[in-house]
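The values are calculated or read from the model by the stated rules, or taken from the named source; none is laboratory data. Note that the structure is predicted; figures quoted are calculated from it, not measured. Neighbour counts run over all protein chains shown; Cβ positions are idealised from the backbone, glycine included. Ligands, DNA and RNA are stripped out before the accessible areas are found, and what is left, the full protein with its side chains, is counted by its heavy atoms. Shrake-Rupley method; radii C 1.70, N 1.55, O 1.52, S 1.80 Å.
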Amino acid sequence: MILTDEEGKRLFAARGVAVAGEGALLGRISIRLDRDRRCHALVVERDGKEMSLSIDPFTGLLAFVLRRAAKHLSVPEEARASFEALVRVLYVLALSDALRVEIDPVLARADGAIAVGGVAMEFDRIARFRHPEWAEYGERLPGTEAEQAFMRLGAVAAEPDPHGRIVAVVSGAGLMMTVLDMLTAMKATVRCVVDMQGLPLQGVEVMRSIFENAGRMSPKITLIGGRFQAPVADRFAEAVIAANKLAPLTGRVVTWIAGNRAPEAQAMFAAAGFEPHDDMRAALAAVAKDR
Amino acid sequence: MAILTGPETRVIVQGITGNVGSGFARRLAASGSTVVGGVTPGRGGRQVDGLPVFDSCHEAVTATGADTSFMCVPAPFAFDACHEAVDAGIKLVVLYIENIPFLDALRMTAYARARGTVVLGPNSAGCVTPGRVNLSELDPKFLLKGNIGVVAKSGAMCAESANYLREEGLGVTTIVSIGGDPVLGAYHRDILERFEADPETKGVVMVGEIGGRSEYDAAPFVKTMTKPVVAVIIGGSSPPDRQMGHLGARLGAEEENAPAKRAALAAAGAHLGDNVTEVGRLMRRALGG
């Protein structure tokens, strides 16, 4: 959830930080999640030179980290206390599920206060269950209209080519990426690729919504695919076929189903007039031949 | 041998009284794992399919000797549940749960590492050693037992890798899904080190994806390995600034993208495939078959 500059500034002002005003330019500071080191990182940048300082999750923000950051930014001695207070506010926000808090520019005022020139802030949308106060920001979803429509259902979509002819709806993030990679390598034009996440077995109405979203993109070919570990491929096929009666897909529908009860699913798809495959490569080749 | 689990592994399911937890308790036990009970705070004393339910991990460990947890609690409770498991002495935690806040994942994985507990996930499909222990969503009936280790973030890529290995007559020792979230308990290198040390494993398939540095950081270790590594990086065609299913799969800095990861792994001597359908053929060739 991304906040606007104004919303960000309000958050800082509410915590006693000076906002805007005139002052000497110090640079930029941010706190981000360092996923590979499993910690937060305080990143300070002045004159194009960036320094990243890890914050140990067991100790929190220690004084030496603040001193190194202040030195890198050449914070005037009289502004040190104000600067440290500002960084502590950043860290408090990071501990309140902010993924990234960035202040650009940071200004040193003549009265010794450090002021916030601009704020960019993003909160972890997943953590909204413990932040009822975020309701005031509303539901802001990233991406295109089509991507947002799938996201509202609980799926994840990416729309690489608005002129593409193919929509691929698959079960699994890895398959979402693999299908896009392989179709792209075959020079096929993919309008949208969707990972259904946990939706495949949530019934006909959910599947109908997925098909309605896909149908709005008027695909020439729709690929539906997945490998099922639990014995449910036939249940999935049943939901797909029922949904297609309620919200019919235009163009060819190619399916690739593998795993538990896949033969039953393929027979159902064949009877419904789809083009079933039991091999992903064959299904993608069938999709790409009509690119 | 295999890795992470053995015949002595004793499993509890945290969140066993929920639909997902009870379903997994049945599935894991049915596929040969020694499931000794489960934990749901406030439900101690009950039974699920004949398995005892405990109020806490400490009670479960004391009563059953459990050393492994398959965790299915709702995401808001995962932070507490994972810390409790580690504190109780559990040595392997599979975080099957998705949608755990990044801040929680950061803290619980750091805590687990400091205490010597291996965490797979969040958003991990688990790990499975066919014929011995299943701590995953994969159905072992589709897996061929053999000598190849598999490590991937994605559960789907674990299953696909096993499928394309099987096409070449190659089976697996252990399959490990490390999870698709940005902050993980174990990264590729952690698992590669275990496969390298495992005498039963003769080669490793590693499937990586865009986002994070896990694959890039694994490359120096790949260079030192005595066993062939077949590597695939997925997501290279992804549009910029899009989350590709996994929360962690998003194009970022240069070393987080597919070309840099492929280049680093190629320079380290890995056998690179363009996509997962090639892993069996490449491994067969790497093994000299």
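Miscellaneous remarks
- The B and A chains share an interface that buries close to 4100 Å² of accessible area, total over both sides, probe 1.4 Å.
- Net charge, residue A:128 excluded, C-beta distance under 11 Å - Lys, Arg +1, Asp, Glu -1: -2
- Relative contact order [Cα under 8 Å, 6+ residues apart], segment B:126-286, whole percent: 24
- Dipole moment magnitude, nearest 20 debye, chain A about Cα centre, only Lys, Arg, Asp, Glu C-beta charged: 400
- In chain A, helices alone account for a calculated mean residue ellipticity at 222 nm of -11000 deg cm²/dmol, with every DSSP H run of four or more residues adding -39,500 (n - 2.57).
- Working note: Karplus 6.51/-1.76/1.60 with θ = phi - 60° gives segment A:88-98 the couplings 5, 5, 4, 5, 4, 5, 4, 7, 9, 6, 7 Hz, where Gly and Pro are set to x.
- Inter-chain shielding of B:276-285 (mean C-beta neighbours from other protein chains, 10 Å cut-off): 1
- For segment B:239-269, a decrease in accessible area of 40 Å² or greater in the assembled protein chains relative to the isolated chain, with a 1.4 Å probe, applies to B:239, B:242, B:243, B:244, B:245.
- Look at where the Cα atoms of segment A:52-70 and of segment B:26-48 average out, and the two centres are 43 Å apart.
- The H on the amide N of residue B:251, modeled in the peptide plane, is under 5 Å from the matching H of B:241, B:242, each at least 5 residues off or on a different chain.
- Tail beyond 20 Å, pair distance distribution of segment B:126-286 (Cα, percent): 43
- Oblate is the label for segment A:224-291. Its Cα gyration tensor axes, ordered a ≥ b ≥ c, give a/c of at least 1.5 and b/c at or above a/b.
- Averaged over the residues of peptide B:153-161, the number of Cβ atoms from other protein chains lying within 10 Å of each residue's Cβ is 6.
- Protein heavy-atom accessible surface, 1.4 Å probe, per residue over segment B:122-170: 27 Å².
- Phi-derived couplings, Karplus 6.51 cos²θ - 1.76 cosθ + 1.60 at θ = phi - 60°, listed residue by residue for segment B:143-154: 9, 9, 6, x, 10, 10, x, 10, 10, 8, 6, 7 Hz, with x used for Gly and Pro.
- Segment A:26-177 - Rg and Dmax from Cα coordinates, angstrom: 19.6, 62
- Principal axis box of chain B, alpha-carbon based, largest edge first, Å: 55, 39, 29
- Basic side chains Lys and Arg get +1 at the Cβ, acidic Asp and Glu get -1 at the Cβ, and with that the dipole of segment B:162-237 about its Cα centre reaches some 140 debye.
- Summarising the amide proton neighbourhood of residue B:93: residues at separation of 5 or more, or on other chains, whose placed amide H is nearer than 5 Å comprise B:69, B:118, B:119, B:120.
- q = 0.12, 0.13, 0.15, 0.23 Å⁻¹: log10 I(q)/I(0) that the Debye formula gives for segment A:110-225, counting C-alpha atoms only: -0.53, -0.59, -0.73, -1.27
- For the protein assembly as shown, a crude dipole built from +1 on the beta carbon of Lys and Arg and -1 on the beta carbon of Asp and Glu, taken about the Cα centre, is about 880 debye to the nearest 20.
- For chain A, the relative contact order comes to 14 percent (Cα pairs under 8 Å, sequence separation of at least 6).
- Helix-only CD estimate at 222 nm, as mean residue ellipticity for chain B, using -39500 (n - 2.57) per DSSP H run (n ≥ 4): -10000 deg cm²/dmol
- Distance violations [Cα-Cα > 32 Å] among A:187/B:202; B:141/B:202; A:187/B:153; B:91/B:202: A:187/B:202
- Within the full protein context, the accessible area of residue A:220 is estimated at about 100 Å² for a probe radius of 1.4 Å.
- Taking 20 °C and 1.002 mPa s as conditions, segment A:180-276 diffuses translationally at an estimated 157 µm²/s according to Stokes-Einstein applied to its Kirkwood radius (Cα pairs).
- Compared with the alpha-carbon gap, the fully stretched path from residue A:122 to residue A:67 is longer by 17.2 nm at 0.36 nm per residue.
- Positive-pole candidate from B:170, B:277, B:244, dipole of segment B:129-280, charges at beta carbon: B:170
- The 1.4 Å probe gives accessible areas that order A:46, B:281, A:28, largest first, as B:281, A:46, A:28.
- Cβ-based charge dipole, segment A:145-289, positive-most Cα from A:285, A:206, A:239: A:285
- Rg/Rg_globular for the protein assembly as shown, with Rg_globular taken as 2.2 N^0.38 Å and Rg from C-alpha atoms: 1.00
- Whole-Å semi-axes of segment B:1-118's equivalent ellipsoid (Cα gyration tensor): 20, 17, 13
- With eigenvalues of the C-alpha gyration tensor scaled by 5 and rooted, chain A, Å: 51, 18, 17
- Neighbours of residue B:40, meaning other residues whose beta-carbon lies under 15 angstrom from its beta-carbon, give a summed charge of -3 when Lys and Arg score +1 and Asp and Glu score -1.
- Segment A:1-119 - percent of accessible surface contributed by carbon and sulfur, probe 1.4 Å: 51
- Carbon plus sulfur fraction of accessible area for segment B:1-121, probe 1.4 Å, in percent: 51
- In degrees, nearest ten, helix B:188-197 long axis to first principal axis of chain B (Cα): 90
- The Cα center of segment B:53-120 and the Cα center of segment B:247-287 differ in position by 31 Å.
- Close amide H contacts of residue A:40 (hydrogens built in the peptide plane, cut-off under 5 Å, sequence separation of 5 or more or a different chain): A:34, A:55.
- The mean sequence separation of alpha-carbon pairs under 8 Å and at least six residues apart, normalised by the residue count of segment A:2-137, gives a relative contact order of 33 percent.
- Computed from Cα positions, the angle between helix B:102-114 and the longest principal axis of chain B comes to roughly 90 degrees.
- For peptide A:118-130, the mean count of partner chain Cβ atoms within 10 Å of a residue's Cβ comes to 3.
- Taking the C-alpha atoms only, the angle from helix B:155-167 to the longest principal axis of chain B is near 60 degrees.
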